[in-house]
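Encoded as structure tokens, the structure appears first; notes follow it.
The values are calculated or read from the model by the stated rules, or taken from the named source; none is laboratory data. Note that the structure is predicted; figures quoted are calculated from it, not measured. Note that we place each Cβ from the backbone using ideal geometry, even for glycine, and neighbour counts take in every protein chain shown. Accessible surface areas use protein heavy atoms only, side chains included; no ligands, DNA or RNA. Shrake-Rupley method; radii C 1.70, N 1.55, O 1.52, S 1.80 Å.
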Amino acid sequence: MIKINNNMINGVRFYSEKTKYLEITINGMRESGHSFRWDINQDKKLLAYIPNAASGIVSVIDIAAEKVVNTIKVGEEASHGIEITPDGKHLYTGDFQNGLVKIYDLTKNEFVKTLKVNSTAHGIDMSPDGKYILIASGSKSEVAVIDTKKQEIITVIKEGIGESPSHIDFDPAGNFAILTNLESNDVSVISIPGFEVTARISVGNGPNEGRIAPDGQFAYTANWESNSISVIDLRSFEVVDEINVGEGTHGVIVSPDSKKIWTANRKTNNVAVIDAETRQLERYIAAGEYTNHLEFTPDGNKVVVTNARDNEVIIIDTETYQITARIKVDEEPHEITFISVEEWLVKR
């Protein structure tokens, strides 16, 4: 029996969650070398955390088991955004109308801190390095910035923020963020970590959510009132195309390879899939009533979609485009964030 301790070596673990196998090679045995290999099943579970706005509850879904495994009460009305820090320790969620951002310790299963913003707390989005959480008000023209290490609000951005700031996304390098301003029909570009608005870009009517492609070349805004996607070239920060999608285009995501754009269309109750290169609509997928937000799983094999009026989450296979599961959650589910955890943590 060979026993291996996962000790730190030069600040790095001997093996990580990405390690697929361990291999030992013994040379000089009967004048030859012998290799022994063990595949590793680290028994991870992928969990989705989804805020249900109307009930103030976060639903936790085991993606493989296709069921709700836990719920967390946040407040009167949950914020529409939600994030988990890269180390998997802290969940950032919120009480929307009361303007409270709540920090939940996932290792202790308890709230550890509450931060008060100056207005409502609508969008909750995190920089790629996990250092900052930006809170889009949804009502006042301001964005609060939280330092995740200090767990404190370090600044509030007001200059250059449009009307009804809604959701935020970051470029892959973490140098800037885009903020959709729902009622002023534009996008604010925010420098990181300067936290200043460096540009305002007019887009379609009612931009609710914006996403930057993983390759960093283009950004796409879901325009709720003009039923379209605005395409922003991030080299010039100009709109270069407008794609008609479906009525009430509310949520948008981009595939990990940057080749597909998916949207959630509230009024037509469906998901649209668009070819990012040709910018042509490929297909519609019937989803559910008031199709709201959507997100790729980390491996890109599935898309998780929330249906706000059906109070459900659906899972779509990205190869077959078939719905593989429908999972009941609480009232009015919105955005989705993921965490991969060990089996013992789920059962604790």
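Pairs from the table (LYS102/LYS260; LYS73/LYS302; LYS113/LYS259; LYS44/LYS131; LYS158/LYS259) lying more than 32 angstrom apart at Cα are LYS102/LYS260; LYS113/LYS259; LYS158/LYS259. In this simple spin-label approximation, GLU277 and SER340 carry label points 7 Å from Cα along the Cα→Cβ vector, and these lie 2.8 nm apart. Where in region 289-320 does the label zone of LYS328 land, with the point 7 angstrom along Cα→C-beta and an amide N cut-off under 14 Å? What the label zone holds, given the 14 Å backbone N cut-off, is 310-313.
Once Rg and the Kirkwood radius are both taken over the C-alpha atoms of the chain, their ratio Rg/Rh works out to 1.02. On the basis of the beta-carbon distance and an R0 of 25 Å, ASN118 and GLU183 show a calculated FRET efficiency of 0.85. Summary of the geometry: region 247-309 and region 122-201, compared by the centres of their Cα atoms, lie 23 Å apart. Working from Cα pairs under 8 Å separated by at least six residues, relative contact order for the chain is 11 percent.
Considering only DSSP states other than H, G, I, E and B, which trypsin sites (Lys or Arg not before Pro) in region 137-208 qualify as loop sites with at most 10 other Cβ atoms within 10 Å? Don't skip to the answer; put the middle values down first.
On the way: sites: LYS140, LYS149, LYS150, LYS158, ARG200; in loops: LYS140, LYS149, LYS150, LYS158.
Counting only loop positions with at most 10 other Cβ atoms within 10 Å, the trypsin sites (Lys or Arg not before Pro) in region 137-208 are LYS149, LYS150.
The residues of region 179-261 expose, per residue, 37 Å² of accessible area to a 1.4 Å probe. The residue among THR180, GLY248, VAL156 whose Cα reaches farthest toward the positive pole of the charge dipole of the chain, with charges on the beta-carbon of Lys, Arg, Asp and Glu, is VAL156.
The Cα atoms of region 201-311 cover 40, 32, 20 Å along the three principal axes, with the biggest extent listed first.
Couplings for region 239-246, taken from phi via the Karplus curve 6.51 cos²θ - 1.76 cosθ + 1.60 with θ = phi - 60°, read 6, 10, 6, 9, 10, 6, 10, x Hz in order; Gly and Pro are left as x.
Derived scalar couplings between HN and Hα for region 303-313 equal 10, 9, 10, 9, 10, 5, 8, 8, 6, 8, 10 Hz in order, rounded to whole Hz, by the Karplus curve 6.51 cos²θ - 1.76 cosθ + 1.60 (θ = phi - 60°), x for Gly and Pro.
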